[in-house]
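Heads up: the structure comes next, in C-alpha cells.
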Amino acid sequence: MHELSLARAVVEMVQAAARRDRFHRVARLHLEVGALAGVEVDALRFALEAIVPGTCLAQAQIDIDTPAGTAWCARCTQAVPISGYLDPCPICAAPVVRHAGGDQLRVIDLLVHDD
C-alpha cells in the first residue's frame, strides 16, 4: 500500500513546516490528488487518519480534492478532460498523447494555530 508511504511523507513535510514556522497545531490540511496520480484517495485518507495521532495534525480536518486529468488533443487543439492515461479525446476520439495535468499529489494549504 503506497498510500501509507505517501501519508507519511505528507505528515513529515507538515511536521517540518511546523518546526520551521513555529506552529503547534493544524486545524485543516487541504490536499489535491489528481485523478491520474495513481492514488486511492480513501486509502490515503485512512492512512493519514491512522498516523496523525501525536503529531501537529492530530485534530486536523483533512480535505482532499480530486481534479480530473487533462490532456492536449492535437486534432482538436485544446485541453480535454480524461480519467485515464489511455483515454481517447472525449470530443473527437483521437488518441491523446500529451497529458497536461491531474497526475500530482500536493498540499494546497494548511490552516494552523500557533498557540
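The values are calculated or read from the model by the stated rules, or taken from the named source; none is laboratory data. This one's a predicted model, so the numbers in the text were calculated from it and none came from an experiment. Methodologically, a virtual Cβ is constructed for each residue, glycine included, from the backbone with ideal geometry; neighbour enumeration extends over all protein chains shown. Just the protein is used for accessible areas: all its heavy atoms, side chains included, with ligands, DNA and RNA removed. Shrake-Rupley method; radii C 1.70, N 1.55, O 1.52, S 1.80 Å.
Tabulated results
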| read-out | value |
| --- | --- |
| DSSP bridge pairs, the chain: antiparallel proportion in percent, nearest 5 | 75 percent |
| Accessible-area composition of the chain, carbon plus sulfur, in percent [1.4 Å probe] | 53 percent |
| Built amide H within the under 5 Å cut-off of ALA100, gap 5+ | THR70, ALA71, TRP72 |
| Phi-based couplings in Hz for the range 90-102 (Karplus 6.51, -1.76, 1.60; Gly and Pro marked x) | x, 8, 10, 6, 5, x, 8, 10, 10, 7, 10, x, x |
| Candidates per trypsin sites (Lys or Arg not before Pro) in the range 32-115, loop by DSSP, up to 13 other Cβ within 10 Å | ARG75 |
| Orientation-averaged projected area, Cα convex hull of the chain (nm²) | 7.9 nm² |
| Inter-part distance where the range 66-115 and the range 30-49 are each reduced to a Cα centre, Å | 16 Å |
| Largest to smallest accessible area among LEU105, LEU48 [probe 1.4 Å] | LEU105, LEU48 |
| In the range 11-78, chymotrypsin sites (Phe, Trp or Tyr not before Pro) in a DSSP loop with at most 10 other beta-carbon atoms within 10 Å | none |
| Structure-based [θ]222 nm, the chain - -39500 (n - 2.57) summed over DSSP H runs of at least 4, per residue, nearest 500 | -9000 deg cm²/dmol |
| Length released on extending from TRP72 to ARG28, taking residue separation times 0.36 nm less the Cα-Cα span | 12.5 nm |
| Solvent-accessible surface ranking, highest first, for GLU32, GLU12 at 1.4 angstrom | GLU12, GLU32 |
